[in-house]
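Participant: This is the structure, below, for whatever I ask next.
The values are calculated or read from the model by the stated rules, or taken from the named source; none is laboratory data. Quick caveat, the model's predicted, so the values are computed rather than measured. Here Cβ is always computed from backbone atoms with ideal geometry, including for glycine, and neighbour counts include all displayed protein chains. Remember, those area values only see protein heavy atoms, side chains included, never the ligands or the DNA or RNA. Shrake-Rupley method; radii C 1.70, N 1.55, O 1.52, S 1.80 Å.
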Amino acid sequence: MYKLVIIEDEDIIRKGIIHMAQEVLSDCRVVGEAKNGKEALKIIESTRPDILLLDINMPIMNGLELLEYLPRNVFSVIIISGQSEFEYAKRAIKFGVVDYLLKPIEETSLKNSVNKAIDQLNMRREYVSKKDDHPYDIFSEYKMTDSITLLKAIDYMEANI
């Protein structure tokens, strides 16, 4: 069972997506919801989801700002947006998002995107389990932490040391 968090600022849309996910996605469970990026950080840290359904335009911290803060290759992310702006899509691609869905979301689109996210997660997990340890990889055992802050610090150290 895959864990799903829905991050959307509009209550009615968020509740609709939650309801649709519960109806359509048999292999996923909604474990949390948030109305902005700052709230999402707390939910993500406490629930440790596999997949994020993330709106771009939100108050306090928007979706792209949240993606900048989150560690890479931990979650599969599906962007949901009311705008088909190419700039948003281009920036989202840099973060390795699985898909970019336009509102209103259709059931088949949601199901297809979540299936892509599950495939990405499985492929990533298979790669990690088969990867030979590099003799100088001192951080690999610490990547098992649940702390987003610690994961970001490790990513920074790996990139800059």
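Participant: Using a Förster radius of 22 Å, what is the FRET efficiency between Ser46 and Tyr69 based on their Cβ-Cβ separation? Nearest 0.05, please.
Facilitator: So, using R0 = 22 Å, E works out to roughly 0.90.
Participant: Running Debye on the stretch 1-61 with equal point scatterers at the Cα sites and no solvent, what base-10 log of I(q)/I(0) appears at q = 0.14 Å⁻¹?
Facilitator: -0.34
Participant: Rolling a 1.4 Å sphere over the protein heavy atoms, what is the accessible area per residue of the chain, to the nearest Å²?
Facilitator: Per-residue value: 59 Å².
Participant: Out of the total accessible area of the chain (probe 1.4 Å, heavy atoms of protein only), what percent is carbon and sulfur?
Facilitator: 52
Participant: Heads up, I need the accessible area for Val74: 1.4 angstrom probe, whole protein in place, Å², nearest 10.
Facilitator: About 60 Å², ignoring ligands and nucleic acids.
Participant: In addition: What number, in nm² with one decimal, is the all-direction average of the projected area of the convex hull of the alpha-carbon atoms of the chain?
Facilitator: 9.6
Participant: If you don't mind, another one. How much length would be gained if the chain were fully extended between Asp11 and Ser26, taking 0.36 nm per residue of separation minus their Cα-Cα distance, in nm to one decimal?
Facilitator: So the extension gain works out to 3.1 nm.
Participant: Given a 1.4 Å probe and the protein chains all in place, what does the accessible area of Ile18 round to, in Å² to the nearest 10?
Facilitator: Rounded to the nearest 10, that gives 20 Å².
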